[in-house]
Amino acid sequence: MNALLLALRALWLGEEVPYEEVLGREGSEEEVRELLSKLWVKCYPHGDKRLCVYSYRRPPREPVPLLLDARGTVIEWSRDGPELVAYPFHKFFNVGEMEFPERPLYAYEKLDGTMVSIFLYEGRLRAATRKRLDADSPFAKKALELFDESLSAEGRTLIFELLGPGCGSPWVGGDQGLFREPSWRLVPLAYREMKGLGLRPLSGPRRVEVEDLDEARRLAEGLGEGLVLWFEEGKQRPLMAKVKSSKYGNIVETLKLGLEGLAEIIVMNRLDDAARFLKEDVYKRAKEVEAKLDEIERAVRRGSFPDEAVREWLLVDPSRALVEAVRACLERGC
């Protein structure tokens, strides 16, 4: 069962939360509510129901099931409570962040685009990115335009990478036209059977033959973003991993953006990785800002952060607003 749905349903029914399944250990209702309160949630009216998209705001550092399962998950809310509508990828980690077997089942090129899930809802095809539905997401709308209906969405969540102008990492600097493909493509990645929630790959990205993790690391350097490794399939959270190329995850290049780059690194929880490149006083100041990140984010979300540019960005792009707020704190303190 999707751990996010388990938590929401237990709280809605007034029942005890199954902590082992939701947190991966013993815990408390207060702790579960705290995690839920920090998720990104965007809801859309649908008759007497609502469709809500749930996602973590920052990538979880620990394998907490509730957070792993909140990655663009779509929940229907009605008088009967929450129901699972679409469930794309669970969060999976980079090689080096946890233990993995030496040999993967499959290795696919990791694409630098926007993840989109497509699913049937009340007889109509719908699409969602990690944070929005097609009602207001231009990327989700574009995915529906490109979708080949020979790939059945009946009883499934289909997962794609959308490639095209403006897609990809929000931290790519400069003229994005230099880095993006000139035309749109919708590449199938995987599908999840909604009955048993098993996840299986689709042969969309380029398949790469990999003998072991060392070879995966070497081969990733010759690819744009790296590799996605599957160690198993057909389970709800099959063991998977990312191997990022240094070209994609190059912290030095991000730091060349100055305080803006440092702010992005703090928001992405990569400050400790960048420590060896920073002057001592800069790192100390950055650590002070990192310690206040939750407080800064709350102020940004409330619209009470004392910076006009941040408030303006909040109306357009809340993620960028947070980066701008962190940058302001680095420049003049907060």
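The values are calculated or read from the model by the stated rules, or taken from the named source; none is laboratory data. Remember, predicted model here, so these are calculated numbers, not experimental data. A quick note on method: Cβ atoms are made from the backbone with ideal geometry, for glycine too, and the neighbour counts reach across all protein chains shown.
Remarks
- Scanning segment 61-70 for any residue that is in a strand (DSSP E or B) and either free of Cβ contacts under 8 Å to residues at least 40 places away in the same chain or not aromatic (Phe, Trp, Tyr) (or both) turns up nothing.
- Some residue of segment 246-266 being assigned to a loop (DSSP other than H, G, I, E, B) and modelled with pLDDT of 95 or more: no
- Applying the criterion of at least 3 residues that are in contact with a Gly (Cβ under 8 Å, 6 or more places away or on another chain) and in contact (Cβ under 8 Å) with a residue 12 or more places away in the chain to the strands (runs of 3 or more DSSP E) found wholly in segment 95-159 leaves 114-121.
Yes/no per residue for (1) within 24 Å of the chain's Cα centre (by Cα); (2) in a helix (DSSP H, G or I):
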residue	(1), (2)
Met1	yes, no
Leu11	no, yes
Glu21	yes, yes
Gly24	yes, no
Val32	yes, yes
Leu35	yes, yes
Lys42	yes, no
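- Val310 being closer than 26 Å to Ser37 by Cα and either out of contact with any Lys or Arg (no Cβ under 9 Å at 6 or more places or on another chain) or part of a helix (DSSP H, G or I) (or both): yes
- Residue in segment 319-329 that is of a type in the set (A, V, I, L, M, F, W, C), in contact with a Leu (Cβ under 8 Å, 6 or more places away or on another chain) and either assigned to a helix (DSSP H, G or I) or within 30 Å of Leu105 (Cα to Cα) (or both) present: yes
- Checklist (1) under 30 Å from Ala263 (Cα atoms); (2) modelled with pLDDT of 95 or more applied to Asp80, failing item: (1)
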